[in-house]
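Every read-out reported here was derived from the displayed coordinates using simple, explicitly stated rules and does not represent laboratory data. Note that the structure is predicted; figures quoted are calculated from it, not measured. So basically every Cβ, Gly included, is an ideal-geometry build from the backbone, and we count neighbours across all protein chains shown.
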Amino acid sequence: MSFEPLGLSTELLRAIADQGYSNPTPIQSQAIPVILSGKDVLAGAQTGTGKTAGFTLPLLHRLSQPSGPRQRRYIRALILTPTRELAAQVSESVKIYGKYLSLRSAVVFGGVSINPQISRLRSGVDILVATPGRLLDHVGRNTINLSKLEVLVLDEADRMLDMGFIHDIRKVLALLPPQRQNLLFSATFSKEIQSLANGLLDSPTLIEVARRNTAAESVSQTIHPVDSKRKRELLSFLIGSRNWQQVLVFTRTKHGANRLAQQLEKDGITTAAIHGNKSQGARTRALSNFKQGSVRVLVATDIAARGLDIDQLPHVVNFDLPNVPEDYVHRIGRTGRAGNEGQAVSLVCVDEHKFLRDIERLIKRDINREMIPGYEPDPTIKPVPIQTGRGRKSPGGQKNRRSRPKKARGLEAGRKSSRPARPRKRQSK
Ligand code: AMP
């Protein structure tokens with residue numbers, strides 16, 4: 001099926017053709033007609049499914065239709081995202097797909113100066129892409145008026161809730177006119193998402209493309225058992241011996257990301273780290289160097305990597321397994337995107353066996369184990385419980401003592417560090 005029958009304007013079809021897309025992805029062919037009809041949507045779709053174009057294209061179409069004379073521009077559509085990176089990428093998509101239309105858009109997120117954002121808003125915009133914290137800062141300064149909003153999009157709503165944005169979302173909702181179209185996109189459907197959707201959406205059409213919590217099928221997944229102390233050495237060996245040129249590596253902590261990046265650099269592998277303690281400039285630079293190929297390895301924490309749009313990423317490595325099993329699905333969703341084959345490799349030490357069992361239970365399959373000769377784990381090493389986030393149980397079944405630093409949580413989410421951070425909640429399934 002091509003894009004033509006979906007009912008999009010010729011300007012949008014031209015922009016789609018410029019991107020080289022010949023056929024809509026499943027989320028696009030299902031969501032576009034429903035959104036064009038003005039209905040509310042509850043969509044279950046992971047990153048990599050083409051969901052951004054799935055809501056951006058019909059949104060642009062609707063806003064570009066003649067709607068009577070207007071004195072001045074006002075914000076007609078708001079797209080809320082959990083992270084700065086995702087906000088920047090969605091905003092880029094709005095520009096790309098809307099390049100033949102006369103709509104104006106802006107993006108606002110924390111970690112950068114607010115003044116250029118204010119100037120842009122003053123000049124009038126139709127579409128605003130925002131992270132919740134900075135959006136509320138603008139509302140407090142009266143630089144944003146949402147009273148005439150026509151369409152609200154919550155992108156990666158599950159992540160927004162995980163990152164503690166529910167109160168900010170509710171504050172934003174209270175500023176919106178009751179008559180509007182609501183689109184909620186989420187990779188997973190927890191009880192919290194259901195309850196948010198129930199309060200927000202009016203007889204929504206449910207669209208679900210990837211099966212719930214299943215890993216993308218175009219991704220080959222492998223576990224390499226290895227001792228914790230030898231993980232870095234094994235990673236360098238795999239990158240070198242298999243000649244991997246573009247590798248996204250996940251670590252559980254920011255400190256771990258920095259340390260690993262330094263060690264890989266010492267091994268002669270160009271590496272950058274991306275996490276919430278890095279400035280926005282450093283993060284953007286690292287991502288662009290990685291995309292261009294001047295950096296071979298990008299080491300990232302889960303939250304910093306959320307929503308990164310890197311086309312055809314061939315290799316994802318879990319240097320540490322995530323303690324939240326859903327994060328595994330999100331991580332490996334970075335590879336094998338839009339029909340390309342991808343490889344997800346996890347380096348698993350004895351301390352992480354409980355995490356591995358939780359992941360395999362979630363994805364409902366056993367992941368293939370492959371021992372790398374020379375790196376077999378020492379069977380005499382006993383597991384040590386890994387300290388995880390606040391209130392969660394560690395593999396040993398104890399309560400955790402250490403929680404994520406509050407300041408970092410706020411920064412990673414694109415919030416001002418002076419605002420109180422909120423607990424990162426997660427449903428255990
Ligand atoms: P998303 O899930 O929105 O992050 O999109 C994942 C990737 O798929 C992005 O790099 C898009 O540029 C790409 N993409 C979106 N729609 C299509 C399409 N119809 N055909 C091919 N690639 C697409």
Take every Cα pair under 8 Å in region 4-208 that's 6+ residues apart, average their separations, divide by the length, and report that relative contact order as a whole percent.
29
Aspartates and glutamates whose Cα lies under 12 Å from that of Lys291, excluding same-chain neighbours fewer than 8 positions away
Asp309, Asp311
Most to least packed among 357-364, 369-376 [average Cβ atoms within 10 Å]
357-364, 369-376
Which far-off residues, 5 or more places away or on another chain, put their amide H under 5 Å from the one on Ile79, with H placed in the peptide plane?
Leu128, Val129, Ala130, Val153
Per residue of region 51-67, what does 6.51 cos²θ - 1.76 cosθ + 1.60 with θ = phi - 60° give for ³J(HN,Hα)? Whole Hz please, x for Gly and Pro, Karplus curve as stated.
5, 4, 5, x, 9, 5, 4, x, 4, 4, 4, 4, 6, 8, 6, x, 9
Could you state the number of Å between the C-alpha centres of region 179-205 and region 80-97?
20
Can you work out the FRET efficiency for the pair Ser203 and Asn23, with r the C-beta to C-beta distance and R0 = 41 Å, to the nearest 0.05?
0.90
Extension gain Ser67-Arg357, at 0.36 nm per residue separation less the Cα-Cα distance, in nm?
98.9 nm
Could you sort 232-241, 325-334, 127-136 so that the peptide with the highest average Cβ count within 10 Å comes first and the rest follow in order?
127-136, 325-334, 232-241
Measure up Lys171/Lys364; Lys148/Lys191; Lys39/Lys171; Lys266/Lys354; Lys278/Lys364; Lys191/Lys254 against 27 Å on the Cα-Cα distance and list the ones that go over.
Lys171/Lys364; Lys148/Lys191; Lys266/Lys354; Lys278/Lys364; Lys191/Lys254
With each pseudo-label sitting 7 Å past Cα toward Cβ, what's the Lys364-Glu265 distance in nm, one decimal?
4.5
Calculated from backbone phi, Karplus (6.51, -1.76, 1.60) coupling profile of region 279-286 in Hz, x at Gly/Pro:
5, 4, x, 5, 5, 5, 5, 4
Nitroxide proxy distance, nm - points 7 Å out along Cα→Cβ at Leu13 and Ala174
4.6
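Can you figure out the FRET efficiency of Thr253 with Ser102, using R₀ = 51 Å and their beta-carbon distance, to the nearest 0.05?
0.65
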